[in-house]
Each structure stands twice: as structure tokens, then as C-alpha cells.
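Visitor: Sharing a structure here in C-alpha cells format.
The values are calculated or read from the model by the stated rules, or taken from the named source; none is laboratory data. In this text the structure is predicted, and so the values were computed from the model without any measurement. When we count neighbours, we look across all protein chains shown, and the Cβ atoms used for this are built from the backbone with ideal geometry, even at glycine.
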Amino acid sequence: MKRTGLLAASLVSGAACAQSGVTLYGVADVGVEYVNHVRSANGSNSVVRMQPGNQSGSRFGIRVVEDLGANWRAIARLENGTNLDTGTLANGTGSTQRLFGRSAYVGIESPYGAVTLGRQDAPIYDFAKTYDLLGVSARYSITSMDPVFAQRIDNSAKYFGQFGGLTVETSYSTGWDAGYGGEVPGAPRAGRQIGGQLGYTSGNSGVAVVYDQTQGSTVASQDWANKNLAVGATTAFGAARFVAGYRWNRSQYGGANGATMLASTQRTDMYWLQGSYNFTSAFSLTGGAFYTNNRDNAQDPWLFIALADYALSKRTDLYLTAAYARNRGGSALAVGSGNTVQPGQNQTGVLLGMRHKF
């Protein structure tokens with residue numbers, strides 16, 4: 001099933017919404033997963049469980065557009081994330097539970113681009129929406145290798161412009177995750193984020209480069225940075241589409257809140273290849289291979305993912321996805337978000353689910 005319409009809707013650009021109005025929309029996505037070698041108190045075991053938000057995070061959103069004249073518009077978006085298995089809020093971090101954790105921003109759109117303020121997708125996330133054919137999904141996708149590709153940023157100002165085939169995007173945050181700190185008086189670098197993307201598309205092909213940098217979120221860690229640079233290329237031939245990508249990473253801090261200094265700076269390189277084929281308007285197959293080269297040790301895992309998607313209608317689809325993580329040198333890569341694995345053990349996951357968009 002084609003995902004471009006759903007993914008494009010999350011970008012700040014709203015050129016298709018030229019008239020004033022309020023749009024209510026949502027996604028409901030849930031499935032059942034089997035995973036082996038899950039880390040537990042007595043070693044590792046298999047588990048069967050319900051998993052929410054697999055191919056698309058379940059959500060309810062409000063999109064607002066006001067026509068100001070002369071092709072200028074005021075825009076706003078409030079988008080809630082929901083765990084469909086329990087009805088609880090998604091997208092919380094640290095002690096912060098967010099009512100509108102997926103998006104909460106307001107801005108101005110013009111022929112020169114859009115400027116928005118609030119909580120929104122980082123440029124590296126927007127990059128992944130094109131250069132991960134698995135849809136940057138929460139379960140088995142590029143985010144299994146590195147969650148930075150699904151990064152949202154609090155307290156941010158963002159510019160997004162499209163000029164013919166050229167895409168230009170920048171972001172700056174004074175505190176990239178309110179759940180972990182930032183915006184500390186006397187510590188202007190604490191929790192800071194900067195990012196940008198430059199892309200070009202022509203016909204069925206496209207290339208892009210994106211940069212993302214986050215600083216440690218405390219006074220003590222504000223000078224430590226996590227830096228990512230990624231490039232991607234995509235092309236299509238008939239019903240087939242292919243993607244290739246590379247990500248360079250340099251990390252000085254660890255822990256989700258960026259408050260722990262690593263014993264030494266870590267360097268990793270990540271590579272991925274993907275392909276998809278639409279057999280009919282309703283049925284598609286997508287596959288991908290990912291590899292991480294850790295420059296500091298031999299922990300170099302592989303991840304293989306396959307996805308079959310069948311559309312029951314324009315708004316409802318069934319999916320079956322499987323992933324295999326091959327760990328090497330004591331690495332502990334799990335197949336997807338919410339999973340863990342014992343160091344050095346391989347892991348297999350299979351997930352069957354349903355998604356409805358409204």
C-alpha cells in the first residue's frame with residue numbers, strides 16, 4: 001500500500017490546503033507480535049503480545065488553515081498519539097506525558113515556505129519519511145537501528161520550503177525534549193538542537209542530505225553533542241522503488257536524557273538498502289537490509305525486514321511484517337521498538353496487524 005499520502009500529511013507544508021478550514025483526522029493501528037530471545041530476569045524467552053502503532057502511530061489530529069490572502073496562510077496542528085492496546089497516551093518521555101505528543105505547532109505559510117513554532121518533526125525525521133520505504137514505523141523499520149530517525153523536537157522553530165524539485169528545511173530548538181530538561185538559565189547550550197535538510201527530486205528519483213545535532217540536556221552535559229549526517233537516494237522503475245542510504249554518527253553522551261558522558265567518543269556508520277514492489281493497487285511487498293559498523297569495537301549488527309501490505313479499501317489495510325536481527329561481537333540490537341535482546345543473541349519478530357485511516 002502506498003504510504004506517501006499519509007507521510008506527506010505530517011510535513012509542515014500545506015500547499016494543498018489553500019482554503020480556510022479545520023480538518024479532523026486520525027489513524028488506528030494495532031497488531032499481535034511474536035518475538036523470541038527477549039531479555040528477561042531469567043535469561044531470554046519468547047513472547048506473544050499486542051502492539052500498538054506498528055505501521056503508523058495511532059493518532060487523532062486537528063489541522064487548521066486560514067487564508068490570509070496573496071497566497072499567505074496561517075497554519076496550526078494539534079496531533080495526539082494514542083496506544084490503541086490500552087488507550088493510554090503515547091509519545092511521553094521522562095516524566096512528561098503529552099496530550100499532543102506527535103505535533104503541536106502554529107505558523108505562517110507563504111510562497112517562500114513555512115515557518116512554524118512548537119513541537120514538531122525534526123528534519124532528520126522528514127528525511128526518513130522519504131528514504132525509509134518501511135514508513136519509519138515504530139516496530140520494524142530504520143528506527144530499529146537508530147531512533148533519531150523518528151525524532152520530534154520540543155521548543156522548536158522550523159522552516160520548510162519547496163521550490164520546484166528543491167526542498168530546504170532547517171530547525172532550531174532551545175530544549176529538544178522537555179521530558180529531559182534544557183532551557184536552563186545560564187546554560188544556553190543545554191538541550192539545544194539544530195538540524196537541516198537539502199533535497200532534490202526529479203521525476204521518479206530523488207536525493208537528499210540531512211544533519212542533526214543535539215546537545216546534552218543538563219548544565220554538566222551541555223557541551224557534549226550527538227551528531228548525525230545522513231544521505232539518501234531513491235528511484236523508481238514502473239511498480240518498483242529502491243532506496244539507498246548512509247548515516248554518519250558521532251556521540252559524546254549516552255542515556256536517553258543526554259546527561260551521561262561516554263568514556264570515549266563513539267563513531268558509527270550505518271548503511272541501508274530497500275526495495276518495494278506494488279503487485280496490484282492493493283498488494284505490495286517491501287524489504288530492507290541495514291548494517292551498522294561500530295568504529296570502536298566489533299559490535300556490528302545486521303537487520304533484515306520484510307513487509308507485506310494488503311489494502312481492503314482506500315483507508316483500511318492489513319499487514320504482515322517480519323524482522324531478523326543478527327548480532328555480532330556482543331551487540332544487542334533488537335528487531336524493533338519495545339523489544340530487548342541479550343547481547344550476542346539473534347532475534348526474530350513477526351507481527352500481524354490492521355490499520356485504518358479516517
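Visitor: Checking Phe279 against (1) aromatic (Phe, Trp, Tyr); (2) surrounded by 14 or more Cβ atoms within 10 Å (Cβ to Cβ); (3) free of Cβ contacts under 8 Å to residues at least 60 places away in the same chain, only one condition comes out false. Which one?
Guide: It is condition (2) that Phe279 fails.
Visitor: Taking interchain pairs and intrachain pairs at least six residues apart, which have beta carbon atoms under 7 angstrom, with the first residue in region 51-77 and on the phi > 0 side of the Ramachandran plot and the second surrounded by fewer than 17 Cβ atoms within 10 Å (Cβ to Cβ)?
Guide: Qualifying pairs under 7 Å: Asn71/Ser110; Asn71/Pro111.
Visitor: Further question on the same structure: Can you name the strands (runs of 3 or more DSSP E) wholly within region 1-90 that have at least 3 residues being aliphatic (A, V, I, L, M), modelled with pLDDT of 95 or more and farther than 30 Å from Tyr277 by Cβ?
Guide: In region 1-90, 59-69, 72-81 are the strands (runs of 3 or more DSSP E) which contain 3 or more residues that are aliphatic (A, V, I, L, M), modelled with pLDDT of 95 or more and farther than 30 Å from Tyr277 by Cβ.
Visitor: Here is a further query. When you scan region 169-184, do you find a residue that is touching a Pro at 6+ places or on another chain (Cβ under 6 Å) and among the acidic types (Asp, Glu), even just one?
Guide: Step one: list which residues in region 169-184 are touching a Pro at 6+ places or on another chain (Cβ under 6 Å), which gives 169, 171.
This time we only want the ones that are among the acidic types (Asp, Glu), so: 169.
Yes.
Visitor: Touching a strand residue (DSSP E or B) at 6+ places or on another chain (Cβ under 7 Å), crowded, with 16+ Cβ neighbours inside 10 Å and within 29 Å of Val335 (Cβ to Cβ): is that true of Tyr172 in this structure?
Guide: Values: touching a strand residue (DSSP E or B) at 6+ places or on another chain (Cβ under 7 Å): yes; crowded, with 16+ Cβ neighbours inside 10 Å: yes; within 29 Å of Val335 (Cβ to Cβ): no.
In short, no.
Residue by residue, here is whether (1) at pLDDT 90 or above; (2) more than 18 Å from Asp126 (Cα to Cα) holds:
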| site | (1), (2) |
| --- | --- |
| Val168 | yes, no |
| Asp177 | no, no |
| Val184 | no, yes |
| Ile194 | yes, no |
| Thr201 | yes, no |
| Ser221 | no, yes |
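Visitor: Among the numbered criteria (1) touching a Phe, Trp or Tyr at 6+ places or on another chain (Cβ under 7 Å); (2) modelled with pLDDT of 95 or more, which one does Gly336 miss?
Guide: For Gly336, the failing item is (2).
Visitor: Determine which single condition Tyr310 fails, assuming it passes every other condition in (1) surrounded by fewer than 17 Cβ atoms within 10 Å (Cβ to Cβ); (2) over 20 Å from Val30 (Cα atoms); (3) in contact with a Ser or Thr (Cβ under 9 Å, 6 or more places away or on another chain).
Guide: The number of the failed condition is (2).
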